[in-house]
């Protein structure tokens, strides 16, 4: 009887391992196959296709398709931003950023120390120039927003 129980346990273990093996194999297959989607390595996106065309035939040969791709991106951004609906919110955000940059510039100006080394002062001046450029960019953004 002892030997029969041993064979029974061994048989159950073999069947259990076989079932686990089949289940793992089925799940592993499922990770490779996704219905309705293609793998990134198998399919080229439109930007990859445009890049390949450009390198193959030169800039002039693909300018029309490039312009169409740019126009498609513009339309996509217009659809995402909905300027006509959220214009006031965008203007408020730009104005608040302009104020933030202005106060940051004022704070940096007040941190300039004439008695310290010039290196730290030059770092502050570089930060001031970056903020000035950011304010100019905000002004250009506001002008663009007003044209929409």
Closer than 30 Å to residue 74 by Cα and either more than 28 Å from the chain's Cα centre (by Cα) or not assigned by TED's automatic domain parsing to the domain that holds residue 75 (or both): is that true of residue 124 in this structure? no
Hits in the stretch 96-148 (condition: surrounded by 11 or more Cβ atoms within 10 Å (Cβ to Cβ) and in contact (Cβ under 8 Å) with a residue 60 or more places away in the chain): 145
Taking the stated definitions as given, is residue 85 loosely packed, with under 10 Cβ neighbours inside 10 Å and modelled with pLDDT of 75 or more? yes
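The values are calculated or read from the model by the stated rules, or taken from the named source; none is laboratory data. None of the values given here were measured: they were computed from a predicted structure. No Cβ is skipped: glycine too gets one built from the backbone with ideal geometry, and neighbour counts run over all protein chains shown.
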